[in-house]
Amino acid sequence: MTPADLQQLLIERSPGTPGITGASRRDDDSPYELTVTLEGGGQVWWTITGASGPAPTVTTGDGAEGVEVPDLTGSSVAVALVEQALVAAAAADNPDGGIVRADRYSTRSDPPAVRYGATLECRDGWKLFLSCYGTAGPGHTRPEQPYQPLSHI
């Protein structure tokens, strides 16, 4: 699964999550970016990158399957829940077992500089990185410069 494949999959599946009204690709020179729009009007911006390599050794229960789909219909939504929703959408109903392992950054005891995101290991050897680079509450526009996202929108 390439970054483009993951982007398309999230565009198709994310709106099925309670509280997500849309997911779209930016129409500029940023081909692997994703804008997630929430029911309350907030938005979260993500970038998708990846690297291909040898296929991972897969053991049952590596954490990709069974990610619970959260309810994002509140007035204040934690970005960590949007992260969880995207991982759940990516891992759900994969007939080919595309995503075999998921590491959500917000659940780490010592998260990386990109506090919200995930590393998704795929059966075909791709390792995909989903990284949040911005948030905005209802009525606000996308920032032009990357900044540290808010914890709730």
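The values are calculated or read from the model by the stated rules, or taken from the named source; none is laboratory data. Only a predicted model underlies this, so the values are computations on that prediction, with no experimental measurement involved. Heavy atoms of the whole protein, side chains included, go into the accessibility calculation; ligands, DNA and RNA do not. Shrake-Rupley method; radii C 1.70, N 1.55, O 1.52, S 1.80 Å.
These residues, Trp45, Trp126, go from largest to smallest accessible area, 1.4 Å probe, as Trp126, Trp45. Taking θ as phi - 60° and the Karplus parameters 6.51, -1.76 and 1.60, the scalar couplings of region 85-91 work out to 5, 5, 5, 4, 5, 5, 8 Hz in sequence order, x denoting glycine and proline.
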